[in-house]
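Input: a single structure, listed below in structure tokens.
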Amino acid sequence: MDLKTKIGTGVIAATIGLVAAWEGRSLVAYADPVGIPTICEGYTHGVKLGDVATPAQCDALTEQEVRKALAVVDGSTPGQLPDGVRVALASFVYNVGPGAYGGSTLLRRLRAGDLKAACNELPRWVYAGGKKLRGLERRRQAERKICISGLDL
């Protein structure tokens, strides 16, 4: 395995760990705080209440969705971002979706090259269904901390 592959694998593993820590795992579908049927670590696509998954299915779904989120982040800027920024923003995209990320001030700041300002946008994203959620406040603070960790401030 070459160095680039090892680094990529490390970013994916770190992002999966971050996502899993904040999403939690449910093998039975439930309604999230805004009523969206959700299973495994926050997976929502085509999920119906009462659906059941195995731990192996959850592992595969989470890795698949983390890879998609990381591809969105990596494809959103012309240059290579620091790993901490990639991990934090992939976790963010996993949670809010590529559409919300794509139209965000966070992405505009990122594309302008102001990584610190982009990281500092994360704590603004703490609402779901119009309600401020404490869990999102804590998650965004953790993502921000990881995001700025590798920057020269």
How many of the residues making up the stretch 106-153 are among the acidic types (Asp, Glu) and over 17 Å from the mean Cα position of the chain (by Cα)?
2
GLY79, sole failed condition from (1) at pLDDT 95 or above; (2) over 17 Å from the mean Cα position of the chain (by Cα); (3) not basic (Lys, Arg)
(1)
Here the residues within the stretch 91-125 that are without any contact (Cβ under 8 Å) to a residue 40 or more places away in the chain, of a type in the set (Ser, Thr, Tyr) and assigned to a helix (DSSP H, G or I) are TYR101, THR105
Any idea how many residues of the stretch 68-81 are part of a helix (DSSP H, G or I) and either in contact with a Leu (Cβ under 6 Å, 6 or more places away or on another chain) or free of Cβ contacts under 8 Å to residues at least 40 places away in the same chain (or both)?
6
Quick check: is even one residue across the stretch 142-151 of a type in the set (A, V, I, L, M), over 23 Å from GLU41 (Cβ atoms) and either touching an Asp or Glu at 6+ places or on another chain (Cβ under 8 Å) or at pLDDT 95 or above (or both)?
yes
Give the stretch 33-67 a look and list any residue that's surrounded by 14 or more Cβ atoms within 10 Å (Cβ to Cβ) and part of a helix (DSSP H, G or I), or say none.
GLN57, CYS58, ASP59, LEU61, THR62, GLU63, GLU65, VAL66, ARG67
Where ARG109 falls short, out of the listed (1) exposed (fewer than 14 other Cβ atoms within 10 Å of the Cβ); (2) modelled with pLDDT of 95 or more; (3) over 27 Å from THR9 (Cβ atoms); (4) not aromatic (Phe, Trp, Tyr):
(1)
All but one of (1) of a type outside the set (Gly, Ala, Ser); (2) closer than 21 Å to VAL34 by Cα; (3) surrounded by 14 or more Cβ atoms within 10 Å (Cβ to Cβ) hold for LYS131; which doesn't?
(3)
Extreme residue, farthest from TRP22 (Cα to Cα), among residues of the stretch 68-100 that are surrounded by fewer than 22 Cβ atoms within 10 Å (Cβ to Cβ) and hydroxyl-bearing (Ser, Thr, Tyr):
THR77
In the stretch 122-153, how many are closer than 11 Å to LEU89 by Cα and of a type outside the set (A, V, I, L, M, F, W, C)?
3
VAL85 - would you say it is within 30 Å of ALA117 (Cα to Cα) and touching a Leu at 6+ places or on another chain (Cβ under 9 Å)?
yes
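The values are calculated or read from the model by the stated rules, or taken from the named source; none is laboratory data. Every value quoted in this text rests on a predicted model; they were computed, and no experiment measured them. Cβ coordinates were reconstructed from backbone atoms using ideal geometry, including for glycine residues, and neighbour counts include every protein chain displayed.
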